[in-house]
Amino acid sequence: MASLDRVKVLVLGDSGVGKSSLVHLLCQNQVLGNPSWTVGCSVDVRVHDYKEGTPEEKTYYIELWDVGGSVGNASSVKSTRSVFYNSVNGIILVHDLTNKKSSQNLYRWSLEALNKDSSPTGVIVTNGDYDREQFAENPVPLLIIGTKFDQIPENKRNDVLKRTTFLSEDFNSEEINLDCTNPRYFAAGSSNAVKLSRFFDKVIEKRYFTRDPNTMIGFSDRKRFNFKSLHYD
């Protein structure tokens with residue numbers, strides 16, 4: 001198992017949206033009983049079978065990099081996070097379905113990670129306006145996950161789900177809405193499990209089977225850093 005090929009997937013979003021709980025659920029298939037704030041970055045690993053059930057099936061490691069979501073008022077905050085953005089193969093954008101601002105901030109998170117954010121700490125969306133062309137040629141696979149689905153009042157669910165649909169269209173990605181305290185949302189054969197598997201397959205496809213080696217430009221050319229601040233779950 002130690003010799004398995006691997007891919008790196010960032011897990012991005014505001015503090016408190018449930019990124020650590022999500023990563024724990026994906027990697028351990030268990031609910032995280034006592035989640036705490038992530039300082040810097042925490043990395044966990046999931047084993048994934050690429051193209052499961054086909055002759056091309058192969059097992060890979062999926063490294064999930066849970067990046068701390070604090071938003072500061074200085075450019076040093078973005079600079080500190082940027083050390084985690086090297087050689088990224090995929091991005092999971094996480095937002096709290098009960099917090100509209102966390103959904104809007106996904107635009108900023110994605111552009112920051114893709115090295116397209118010229119404003120270090122500001123929210124990219126203003127009055128609902130967003131230029132989809134910023135992602136028209138994005139080579140990095142994206143997946144949007146909304147948490148705390150169970151906390152949405154019944155009379156507001158339709159409006160919230162419409163908002164998440166617009167998000168997925170803007171990012172040209174699939175969406176998953178769930179409650180991180182309930183493992184059944186990723187039950188084998190469920191639509192969420194299929195979407196997740198499809199996303200990981202796409203990440204692996206881009207990393208290992210894309211002919212053009214320059215598709216990841218913007219990440220591999222960054223300065224290398226020593227990741228001594230990382231802690232592994």
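The values are calculated or read from the model by the stated rules, or taken from the named source; none is laboratory data. Note that this is a predicted model, so its numbers are computed, not measured. So basically every Cβ, Gly included, is an ideal-geometry build from the backbone, and we count neighbours across all protein chains shown. To get the accessible areas, we keep the full protein, side chains included, count just its heavy atoms, and leave off ligands, DNA and RNA. Shrake-Rupley method; radii C 1.70, N 1.55, O 1.52, S 1.80 Å.
Only one entry in Val47, Val71, Val31 is at pLDDT 95 or above, β-branched (Val, Ile, Thr) and at negative phi, namely Val47. Among the residues of the range 1-47, those that are farther than 17 Å from Thr147 by Cα, in contact (Cβ under 8 Å) with a residue 60 or more places away in the chain, in contact with a Leu (Cβ under 9 Å, 6 or more places away or on another chain) and of a type in the set (Val, Ile, Thr) comprise Val9, Val43. Exactly one of (1) outside any helix (DSSP H, G or I); (2) over 23 Å from Thr59 (Cβ atoms) is unmet by Thr210. Its number? It is condition (2) that Thr210 fails.
Listed here are the residues, each with its yes/no results for (1) surrounded by 17 or more Cβ atoms within 10 Å (Cβ to Cβ); (2) hydroxyl-bearing (Ser, Thr, Tyr).
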{"site": "His24", "(1), (2)": "yes, no"}
{"site": "Ser36", "(1), (2)": "no, yes"}
{"site": "Arg46", "(1), (2)": "yes, no"}
{"site": "Lys51", "(1), (2)": "no, no"}
{"site": "Thr54", "(1), (2)": "no, yes"}
{"site": "Lys58", "(1), (2)": "no, no"}
{"site": "Ile62", "(1), (2)": "yes, no"}
{"site": "Val67", "(1), (2)": "yes, no"}
{"site": "Ser70", "(1), (2)": "no, yes"}
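So for the range 151-173 (the condition being open to solvent by 60 Å² or more (accessible area, probe 1.4 Å) and under 21 Å from Tyr61 (Cα atoms)), does at least one residue qualify? The answer is no, given that none of the residues of the range 151-173 is open to solvent by 60 Å² or more (accessible area, probe 1.4 Å) and under 21 Å from Tyr61 (Cα atoms).
Total residues in the range 89-109 satisfying the condition of being more than 11 Å from the chain's Cα centre (by Cα) and not polar (S, T, N, Q): the figure is 6.
Restricting attention to the range 7-61, and to residues there that are of a type in the set (Lys, Arg) and not in a strand (DSSP E or B), which single residue is farthest from the chain's Cα centre (by Cα)? Per the criteria, the residue is Lys51. For the range 113-129, the condition of being within 19 Å of Ile176 (Cβ to Cβ), under 17 Å from the mean Cα position of the chain (by Cα), assigned to a loop (DSSP other than H, G, I, E, B) and modelled with pLDDT of 55 or more holds for none of the residues.
Looking at this structure, is Thr98 at pLDDT 95 or above and not in a helix (DSSP H, G or I)? Criteria met by Thr98.
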